[in-house]
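The values are calculated or read from the model by the stated rules, or taken from the named source; none is laboratory data. Values in this document were obtained by computation on a predicted structure and should not be read as measured data. Virtual Cβ from ideal backbone geometry, glycine too; neighbours counted across all protein chains shown.
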Amino acid sequence: MSDNVIIRTFQHVRTSVAQWVDSDFIPGGALALKEKPEQVEWVRTLPFLFLHLGCLGVIWTGWSWTAVLTAISLYFVRMFSVTGFFHRYFSHRTFSTSRFMQFIFAVLCGTCVQRGALWWAASHRHHHQHSDEPDDKHSVRQKGFLWAHIGWITCSKNFPTDYSRIKDLSKFPELVFLNRYDLLVPVLFALSLTGIGSLLHHFAPSLGVTAGQLLVWGFFISTTALFQATACINSLAHVFGSRRYKTDDDSKNSLILALITLGEGWHNNHHQHMTCVRQGFFWWEIDITYYTLKMMSWTGLIWDLRPVPKAAYSVLELKNQT
Ligand SMILES: [Zn+2]
Ligand SMILES: [Zn+2]
């Protein structure tokens, strides 16, 4: 290996490690990075490997009902953050809230370990603009199932936050801060779980839970399941299910996906009408996120929930079904 290759490799690793701390640290500029070829990069796969391998910690920590129930609860609370806040609030602005609640939503989203709300929203808005076209970052039709499911996130080209797409959000410095230092909330979240596990171990030994158990079940297992279920909307929701509307993309409606993602499975509905808060357009299309957001609106925490457009039920549009 020549000295040049060694120096380049060292610089690449150094930049990648620095980006785990500060995701806006891009020495050559975001534009240069976006020109890079689409390929899996091993340094960018390390956080995913770490997250998935962390689940194996269960071999040493074992399980307890407290740990398992914590993992299940945190899965659903954070899935609600993914669909209610990352998706329906930050990406599509389908309801309104106060600046304070918006910040709380962004912190909750941070615990999902799916990077910052600004990156998430910018990437998702890009998906809607180019759904299943050659420019789509995660299209099964264009780049295959595995790439749409996980490959696209491990590629440097898709790493920078496209601030030009989220000008409505980037005017809030607190959101930019959380987006830039997107490792901060996950680390604090994992440490808190470990701390709570340790306290319970000492002060409530009858629960049979330990610090390691809460870390492995509450953080690693719950977050890995959350990531895999979320990624299914980018991959499976464009492959399996039925289509009500003749959209230009391959989006599908699926009850199973809607149940595990609290309503995101009505993906064909969503691609047809992305500006409404509700994704299950009919009463039998279960959409837990919508019901929860509706209840939140009764408390005044959120308001101005955008309704399903009348056109969604019009004979003309439904006649166009595939
Ligand atoms: Zn889609
Ligand atoms: Zn969307």
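Taking residue 187, is it surrounded by fewer than 16 Cβ atoms within 10 Å (Cβ to Cβ), out of contact with any Pro (no Cβ under 8 Å at 6 or more places or on another chain) and not hydroxyl-bearing (Ser, Thr, Tyr)? It is true that residue 187 is surrounded by fewer than 16 Cβ atoms within 10 Å (Cβ to Cβ), out of contact with any Pro (no Cβ under 8 Å at 6 or more places or on another chain) and not hydroxyl-bearing (Ser, Thr, Tyr).
Scanning region 100-123 for residues that are out of contact with any Phe, Trp or Tyr (no Cβ under 8 Å at 6 or more places or on another chain) and within 16 Å of ligand 1 (Cβ to nearest atom) yields a single hit, 123. Return the total of residues in region 279-312 being among the charged types (D, E, K, R), more than 20 Å from residue 265 (Cα to Cα) and either part of a loop (DSSP other than H, G, I, E, B) or modelled with pLDDT of 95 or more (or both). Adding up the residues that qualify gives 1.
Among the residues of region 260-269, is any farther than 21 Å from residue 141 by Cα and without any contact (Cβ under 8 Å) to a residue 24 or more places away in the chain? Give the derivation first.
At the first step, the residues of region 260-269 found to be farther than 21 Å from residue 141 by Cα are 260-263.
From what is left, the residues that are without any contact (Cβ under 8 Å) to a residue 24 or more places away in the chain are none.
No, the conditions are met nowhere in region 260-269.
May I ask you to say which residue of 197, 208 is under 20 Å from residue 73 (Cβ atoms) and either surrounded by fewer than 22 Cβ atoms within 10 Å (Cβ to Cβ) or within 16 Å of ligand 2 (Cβ to nearest atom) (or both)?
Working: 197 fails: either surrounded by fewer than 22 Cβ atoms within 10 Å (Cβ to Cβ) or within 16 Å of ligand 2 (Cβ to nearest atom) (or both).
Result: 208 is the single residue among 197, 208 that is under 20 Å from residue 73 (Cβ atoms) and either surrounded by fewer than 22 Cβ atoms within 10 Å (Cβ to Cβ) or within 16 Å of ligand 2 (Cβ to nearest atom) (or both).
Could you please let me know if residue 223 is assigned to a helix (DSSP H, G or I) and farther than 19 Å from residue 79 by Cβ? So residue 223 fails the test.
Here is a check on your reading of the model: is residue 14 closer than 30 Å to residue 213 by Cβ and modelled with pLDDT under 85? For residue 14, the condition - closer than 30 Å to residue 213 by Cβ and modelled with pLDDT under 85 - is not met. Take residue 157 and decide whether it is modelled with pLDDT under 95, closer than 30 Å to residue 42 by Cβ, more than 16 Å from ligand 1 (Cβ to nearest atom) and surrounded by fewer than 19 Cβ atoms within 10 Å (Cβ to Cβ). Judged against the criteria, residue 157 is a match.
Look at residue 83 and say whether it is in a loop (DSSP other than H, G, I, E, B), within 11 Å of ligand 2 (Cβ to nearest atom) and closer than 23 Å to residue 265 by Cα. Break it down stepwise before answering.
On the way: in a loop (DSSP other than H, G, I, E, B): no; within 11 Å of ligand 2 (Cβ to nearest atom): yes; closer than 23 Å to residue 265 by Cα: yes.
No; evaluated as a whole, the condition is false for this residue.
Where in region 92-190 are there helices (runs of 4 or more DSSP H), lying fully within it, with 2 or more residues that are farther than 25 Å from residue 302 by Cα?
Details: elements: 99-110, 117-129, 140-143, 145-149, 167-170, 173-180.
In region 92-190, the matching helices (runs of 4 or more DSSP H) lie at 117-129, 140-143, 145-149.
Can you run down the residue pairs with Cβ atoms below 6 Å, 6 or more apart or on separate chains, where the first is in region 122-140 and farther than 15 Å from residue 251 by Cβ and away from ligand 2 (no atom under 11 Å from the Cβ) and the partner is in a helix (DSSP H, G or I) and aromatic (Phe, Trp, Tyr)? Within 6 Å, the pairs are 137/152.
Note on region 252-270: residues that are within 11 Å of ligand 1 (Cβ to nearest atom) and surrounded by fewer than 23 Cβ atoms within 10 Å (Cβ to Cβ) total 1.
Summed over region 294-311, the residues that are free of Cβ contacts under 8 Å to residues at least 60 places away in the same chain, among the hydrophobic types (A, V, I, L, M, F, W, C) and within 19 Å of residue 274 (Cα to Cα) give a count of 2.
For region 122-139, filtered to residues that are within 14 Å of residue 157 (Cα to Cα) and over 15 Å from the mean Cα position of the chain (by Cα), the residue that is surrounded by the fewest Cβ atoms within 10 Å (Cβ to Cβ) is 135. Once region 28-85 is narrowed to residues that are touching a Cys at 6+ places or on another chain (Cβ under 9 Å) and farther than 30 Å from residue 288 by Cα, the residue that is surrounded by the most Cβ atoms within 10 Å (Cβ to Cβ) is 44.
Can you tell me which residue among 9, 15, 45 is in contact (Cβ under 8 Å) with a residue 40 or more places away in the chain and either assigned to a helix (DSSP H, G or I) or farther than 20 Å from residue 161 by Cα (or both)? Result of the check over 9, 15, 45: 45. State yes or no: is residue 166 of a type in the set (Val, Ile, Thr), within 21 Å of residue 267 (Cα to Cα), away from ligand 1 (no atom under 15 Å from the Cβ) and crowded, with 16+ Cβ neighbours inside 10 Å? Criteria not met by residue 166. How many residues, within region 142-178, are within 18 Å of residue 227 (Cβ to Cβ) and not β-branched (Val, Ile, Thr)? Counting residues in region 142-178 that are within 18 Å of residue 227 (Cβ to Cβ) and not β-branched (Val, Ile, Thr) gives 10.
Could you say whether any residue in region 220-231 is within 16 Å of ligand 1 (Cβ to nearest atom) and surrounded by 21 or more Cβ atoms within 10 Å (Cβ to Cβ)? Yes, region 220-231 contains at least one residue that is within 16 Å of ligand 1 (Cβ to nearest atom) and surrounded by 21 or more Cβ atoms within 10 Å (Cβ to Cβ).
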